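One structure is given here, and the rest of the page talks about it.
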Amino acid sequence: MKKTLFDKVWDSHVVSSVENGPDILYIDKHLIHEVTSPQAFSVLEEKEIPLFRPNQIVATADHNVPTENQHLPIQDALSRKQVTQLSKNCDKYGVTLYGLGHPYQGIVHVIGPELGVTQPGMTMVCGDSHTSTHGAFGTIAFGIGTSQVAQVFASQCVLVAKPKSMRVTVSGNLHPSVQPKDIILYVISKLGTDSGTGHFVEFAGTAFEQMSMEGRMTVCNMSIEMGARGGMIAPDQTTFDYVSGREFAPKDEALKQKIAYWKTLPTDEGAAFDSEHHFDAADIRPMITYGTNPGMGIKIGETIPTSDDASFIKSLNYMGLKAGSNLLHMPISHVFIGSCTNSRIEDFRAAANYVTGKQKSPDVSALIVPGSQQVAKQIVAEGLDKVFESAGFMLRQPGCSACLAMNDDKIPAGAYCVSTSNRNFEGRQGQGARTLLASPVTAAAAAVAGKIVDVSQQ
Amino acid sequence: MEKFQILESAMVPLTIENVDTDQIIPARFLKATDRKGFGENLFRDWRFTNDNQPKKDFILHDTQYSGAILVAGNNFGCGSSREHAAWALADYGFRVVVSSFFADIFKGNALNNGILPIQVSPQELQEVFTAIESNPSIQAKVDLETQQFRIDESGIIISFEINAYKKMCMLNGYDDIDYLLSQKEAITAFEQNRS
């Protein structure tokens with residue numbers, strides 16, 4: 001039988017199936033962080049059961065951490081307590097922790113791939129919806145709730161019904177100004193935020209085949225924003241080259257054997273998907289969102305659509321925007337380049353490339369937040385820190401930062417922020433904050449101009 | 001987990017679509033290390049101003065509406081995987097959420113916390129909203145065994161789907177973790193076979 005990439009990886013991880021119920025799916029790697037794990041550790045305590053496979057877990061602190069003065073104790077008492085609790089739990093149960101101060105610390109979905117923990121053909125989970133990021137490697141990776149985190153602690157498995165499959169193909173010639181973020185924002189704007197619900201999505205076609213691993217991670221990261229459990233891209237030479245040589249990747253003969261196996265994973269010619277969508281890459285241009293869900297996106301320069309739907313009107317009211325108007329040249333006051341969507345070295349190279357020789361607008365506060373200590377180190381090694389600092393950007397220390405208003409980095413009420421993060425929900429970046437999702441280049445350009453600009457026209 | 005069999009209750013209508021889990025419980029309230037007390041901050045920024053004053057026009061402040069059933073617009077629970085959203089709804093007193101569509105992770109989290117997500121058609125959802133509008137204290141009856149959602153006063157009878165395994169768990173108050181622990185031998189054998 002012809003199988004999809006998703007089928008191959010899923011089927012090889014099914015321990016057994018519950019009659020008329022879900023599959024028991026074996027999990028190769030479990031990533032944890034400070035926010036969604038404490039109550040799961042408590043379940044182990046309450047039930048007096050051991051942690052089944054501590055060696056398959058990697059922990060880091062990312063959501064709550066400040067992005068300044070990380071050598072000092074965390075000032076916010078509740079955040080400090082949660083981060084301390086993670087350290088205690090990891091100590092007690094023998095889990096590897098890359099906490100604050102460790103050279104491998106960073107956003108969980110940035111460190112997994114860069115350390116070679118993430119590998120093709122694996123199953124991975126984390127108590128975080130953006131676990132879909134790791135699908136860029138041809139991995140089945142999805143977000144779970146805390147009850148399921150406890151289940152994986154106890155059994156290294158989750159009970160989950162096999163999702164349906166969807167393929168999104170984007171082929172053709174991309175305009176040179178288009179970034180991976182623009183492609184996924186375009187796809188979500190066309191299909192909607194609930195289009196992928198109940199599905200795993202495979203992204204196929206030349207647009208993804210020619211993309212770097214960093215770009216593929218940006219795309220798969222946002223598959224949850226179309227409602228999908230996860231996204232996947234077939235592993236190929238780009239994937240193997242990225243994985244090879246990383247700290248926890250297989251080496252030498254073991255690597256050769258793995259690569260031979262990974263090459264068997266791509267979807268068989270003629271395998272069937274439950275649904276398929278095709279897009280012409282040439283139609284895509286730099287994108288920006290205008291509303292309060294990631295599906296409310298347009299090409300920069302297009303006008304905001306009109307609708308009499310109450311939820312749509314509520315959304316535009318929150319954003320302070322008018323249907324039928326245009327975002328081009330609209331002043332903005334904040335820029336955030338970071339988050340698990342766009343905080344890898346390639347994102348900062350792209351932003352720095354745009355910023356070189358330019359100055360940030362005096363009216364804009366612009367944050368650059370690397371996804372990990374390794375990315376931060378690389379920024380310095382390549383001299384990008386000097387580019388950003390001389391242009392007036394603030395370069396911070398790694399963490400989730402202004403993506404979710406859980407740490408000190410927040411956008412003020414009413415302010416417009418061009419953000420490379422993944423969600424423009426009401427209050428996501430701070431109470432009353434107004435988020436405009438875009439690529440790192442569009443964000444950098446907005447910081448320089450002090451307003452929204454169309455980089456495809458420059 | 002608490003058992004769920006039959007529930008009779010009035011309903012709270014929340015007609016907004018695409019309610020994401022950041023609205024259900026904003027991230028700044030996720031700093032707890034236990035599961036208690038999240039109901040206080042349920043829909044925090046829709047319920048209260050930035051100075052913690054009640055926003056009087058929000059549905060939870062409307063004393064006409066009460067009960068353990070939340071009826072919500074399409075695509076409820078999208079966004080973040082935070083189970084705190086389910087904890088907040090349960091802590092506030094909701095045991096059932098009715099919508100025409102649920103996001104996957106939220107649906108799983110709800111079921112793992114004794115909250116029954118009932119998916120109805122868009123037309124049925126509209127009928128339920130209309131029934132509540134005509135009589136804010138109208139009673140609904142949810143019977144999990146027969147998989148029925150009824151509003152007798154309006155003649156609404158809706159059969160809903162639920163996975164047979166999850167139904168058994170809800171009816172008996174079983175947790176997935178207990179089932180998985182009972183499968184340890186099979187899991188260990190699976191590990192040995194693949195290495």
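The values are calculated or read from the model by the stated rules, or taken from the named source; none is laboratory data. All figures in this text were calculated on a predicted structure; none of them were measured in a lab. Note: ideal-geometry Cβ built from the backbone for every residue, glycine included; neighbour counts use all protein chains shown. Surface areas here come from the heavy atoms of the whole protein model, side chains and all, with no ligands, DNA or RNA. Shrake-Rupley method; radii C 1.70, N 1.55, O 1.52, S 1.80 Å.
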Within the stretch A:338-346, can one find any residue that is farther than 30 Å from residue A:98 by Cβ, open to solvent by less than 70 Å² (accessible area, probe 1.4 Å) and not β-branched (Val, Ile, Thr)? no
Given the stretch B:93-195, what helices (runs of 4 or more DSSP H) lie entirely inside it while holding 3 or more residues that are open to solvent by 70 Å² or more (accessible area, probe 1.4 Å), within 18 Å of residue A:159 (Cβ to Cβ) and of a type in the set (Ser, Thr, Tyr)? none
In the stretch A:203-232, what residues are within 16 Å of residue A:284 (Cβ to Cβ), surrounded by 24 or more Cβ atoms within 10 Å (Cβ to Cβ) and aliphatic (A, V, I, L, M)? A:207, A:219, A:222, A:226
Would a scan of the stretch A:233-241 turn up a residue that is modelled with pLDDT of 95 or more, surrounded by fewer than 14 Cβ atoms within 10 Å (Cβ to Cβ), touching a Ser or Thr at 6+ places or on another chain (Cβ under 8 Å) and not basic (Lys, Arg)? no
Checking the structure you have, find out if any residue of the stretch A:156-178 is in a helix (DSSP H, G or I), facing another protein chain (nearest Cβ under 7 Å) and surrounded by 24 or more Cβ atoms within 10 Å (Cβ to Cβ). no
Name, by its number, the condition in (1) under 16 Å from the mean Cα position of the chain (by Cα); (2) not in a helix (DSSP H, G or I) that does not hold for residue A:402. (2)
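Have a look at A:414, A:430 and point out the one that is open to solvent by less than 10 Å² (accessible area, probe 1.4 Å), within 14 Å of chain B (Cβ to nearest Cβ) and in contact with a Lys or Arg (Cβ under 9 Å, 6 or more places away or on another chain).
A:430
Please determine whether any residue of the stretch A:310-319 is within 24 Å of the chain's Cα centre (by Cα) and touching a residue at least 24 places away in the same chain (Cβ under 8 Å). I'd like the intermediate steps shown before the answer.
The initial filter retains those residues of the stretch A:310-319 that are within 24 Å of the chain's Cα centre (by Cα), namely A:315, A:319.
Cutting the leftovers down to touching a residue at least 24 places away in the same chain (Cβ under 8 Å) gives us A:315, A:319.
Looking through the stretch A:310-319, at least one residue is within 24 Å of the chain's Cα centre (by Cα) and touching a residue at least 24 places away in the same chain (Cβ under 8 Å).
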Sort out which residues of the stretch B:49-92 are surrounded by 16 or more Cβ atoms within 10 Å (Cβ to Cβ) and among the aromatic types (Phe, Trp, Tyr), and write them in order of number. B:65, B:76, B:87, B:92
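Answer yes if at least one residue in the stretch A:82-95 is open to solvent by less than 30 Å² (accessible area, probe 1.4 Å), away from chain B (no Cβ under 12 Å) and assigned to a helix (DSSP H, G or I), and no otherwise.
yes
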Apart from one, (1) closer than 16 Å to residue B:101 by Cα; (2) away from chain B (no Cβ under 14 Å) all hold for residue A:196; the odd one out is (2)
For the stretch B:1-43, enumerate the residues that are within 28 Å of residue A:86 (Cα to Cα), more than 9 Å from chain A (Cβ to nearest Cβ) and of a type in the set (Lys, Arg). B:36
If you take the residues of the stretch A:20-34 that are outside any strand (DSSP E or B) and either facing another protein chain (nearest Cβ under 8 Å) or among the β-branched types (Val, Ile, Thr) (or both), which of them is nearest to residue A:84 (Cα to Cα)? A:27
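Of the residues that sit in the stretch B:60-82 and are closer than 19 Å to residue B:4 by Cβ and in a loop (DSSP other than H, G, I, E, B), which one is farthest from the other protein chains (Cβ to nearest Cβ)?
The initial filter retains those residues of the stretch B:60-82 that are closer than 19 Å to residue B:4 by Cβ, namely B:67-72, B:76-77.
Add one more test, that the residue is in a loop (DSSP other than H, G, I, E, B), and what stays is B:67-68, B:77.
Working: B:67: 23, B:68: 21, B:77: 10 Å.
Among those that are closer than 19 Å to residue B:4 by Cβ and in a loop (DSSP other than H, G, I, E, B), it is B:67.
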